[in-house]
Amino acid sequence: MIRLCIPQPLSPGAALAPSLEQSRYLTQVMRLKAGDDLLVFNGQDGEWRCSVAEVLKRGVVLRAEERARDQILPPDVELLMAAVKKSPLEFAVEKATELGVRRIRLVRTERTQPQNLRLDRLETIAVESAEQTGRMDVPDILAPEPLEAVLDGWDPDRRLMFCDETGGPPARVALPQAGGTAWGIVIGPEGGFSPSERQRLLELPFTTPVSLGPRVLRADTAATVALALWQANLGDWER
């Protein structure tokens, strides 16, 4: 069934106004008409079965009928991703959403190349990925900050999985021993972290260094692999 993320309160009988783009998708692409059903979520009220109440010249009106699923949040893991080039960054955002990350924090490192980032485009990718993958929330995407500033303000109760390209213990060994329920995963830019950044990360008491294997991975591939390893060892893949 069609799923849409609509950031409006959901309750029995509530009238919902999808965006113009969403309305066009429903009527012109999916050919829905009055009385047809779809699923709607907003990240707070669970997933609701809704029906098309009216088809207007510019947009549609939906009516919330009944809750289909209670709200469930993914595990508390966030991705710290160096602001890499457009295509790999968009891929990483899409896959991170599919893999259940709760928050994506873009960071600037010493080797980060200047990029003309469009947060609105990344947010659209995250919304579409959440709609397709069945999750009932959309990860927050935060504007780029210097890695140093992020680490200075880091909550020490949140563990940090450092994907160290120079080596480290495998995830199956390191992660279960580290414990903790709130995590971050940090992925560097093309060319990796600088020696000073690597040293800073390794010295932090909340850091758990992990190897992603013997091969050099692109940043977007590394983000996908790291999240998969975390989910397999500490996440919700056992549900």
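The values are calculated or read from the model by the stated rules, or taken from the named source; none is laboratory data. Being a predicted model, the structure only gives us computed values, none of them experimental. For neighbour counting, all protein chains shown are included, and Cβ atoms are generated from backbone atoms with ideal geometry for every residue, glycine included. Side chains are part of the model used for accessible areas, which takes the heavy atoms of the whole protein and leaves out ligands, DNA and RNA. Shrake-Rupley method; radii C 1.70, N 1.55, O 1.52, S 1.80 Å.
With a cut-off of at least 3 residues that are out of contact with any helix residue (DSSP H, G or I) (no Cβ under 8 Å at 6 or more places or on another chain), name the strands (runs of 3 or more DSSP E) lying wholly within region 32-143.
On the way: elements: 37-41, 47-56, 59-69, 77-82, 103-108.
Answer list for region 32-143: 37-41, 47-56, 59-69.
Quick grid of which residues meet (1) touching a residue at least 24 places away in the same chain (Cβ under 8 Å); (2) farther than 30 Å from LEU234 by Cβ; (3) of a type outside the set (Lys, Arg):
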site	(1), (2), (3)
GLN44	yes, no, yes
CYS50	yes, yes, yes
PRO75	yes, no, yes
GLY100	yes, no, yes
ARG105	yes, no, no
ARG108	yes, no, no
GLN113	yes, yes, yes
LEU119	yes, no, yes
VAL127	yes, no, yes
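Name every residue in region 179-207 that is farther than 18 Å from ARG102 by Cβ and in contact with a strand residue (DSSP E or B) (Cβ under 6 Å, 6 or more places away or on another chain), in order of residue number. Show your work before the answer.
Initially, region 179-207 is screened for residues farther than 18 Å from ARG102 by Cβ, giving 179, 188-205, 207.
Correct list: GLY188, PRO189, LEU201, THR207.
If a residue has to be surrounded by 15 or more Cβ atoms within 10 Å (Cβ to Cβ) and on the phi < 0 side of the Ramachandran plot to count, how many in region 37-49 make the cut? Steps first, answer last, please.
Our first condition is that a residue be surrounded by 15 or more Cβ atoms within 10 Å (Cβ to Cβ); within region 37-49, this holds for 38-43, 45-49.
From the residues that got through so far, the ones that are on the phi < 0 side of the Ramachandran plot too are 38-42, 45, 47-49.
Here the count works out to 9.
One line per residue, one yes/no per condition, for (1) touching an Asp or Glu at 6+ places or on another chain (Cβ under 8 Å); (2) more than 30 Å from LEU117 (Cα to Cα); (3) open to solvent by less than 30 Å² (accessible area, probe 1.4 Å); (4) of a type in the set (Ser, Thr, Tyr):
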residue: SER11; (1), (2), (3), (4): yes, yes, no, yes
residue: PRO18; (1), (2), (3), (4): no, no, yes, no
residue: SER51; (1), (2), (3), (4): yes, yes, yes, yes
residue: ARG58; (1), (2), (3), (4): no, yes, no, no
residue: ARG67; (1), (2), (3), (4): yes, yes, no, no
residue: ASP70; (1), (2), (3), (4): no, yes, no, no
residue: VAL93; (1), (2), (3), (4): no, no, yes, no
residue: LEU99; (1), (2), (3), (4): no, no, no, no
residue: ARG103; (1), (2), (3), (4): yes, no, no, no
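Could you tell me which of the residues GLY179, GLY153, GLY213, GLY188 is open to solvent by less than 30 Å² (accessible area, probe 1.4 Å) and out of contact with any Ser or Thr (no Cβ under 9 Å at 6 or more places or on another chain)?
Details: GLY153 fails: open to solvent by less than 30 Å² (accessible area, probe 1.4 Å); GLY213 fails: open to solvent by less than 30 Å² (accessible area, probe 1.4 Å); GLY188 fails: out of contact with any Ser or Thr (no Cβ under 9 Å at 6 or more places or on another chain).
After ruling out the rest, the residue left standing is GLY179.
Which condition number does THR181 fail, the rest of (1) hydroxyl-bearing (Ser, Thr, Tyr); (2) out of contact with any Pro (no Cβ under 8 Å at 6 or more places or on another chain); (3) not in a helix (DSSP H, G or I) being met?
The number of the failed condition is (2).
Going residue by residue through region 192-201, is there one that turns out to be more than 23 Å from LYS95 (Cβ to Cβ), in a strand (DSSP E or B) and either open to solvent by 20 Å² or more (accessible area, probe 1.4 Å) or in contact (Cβ under 8 Å) with a residue 12 or more places away in the chain (or both)?
no
Do you know which residues across region 156-170 are at pLDDT 95 or above and buried (at least 19 other Cβ atoms within 10 Å of the Cβ)?
ARG159, LEU160, MET161, PHE162
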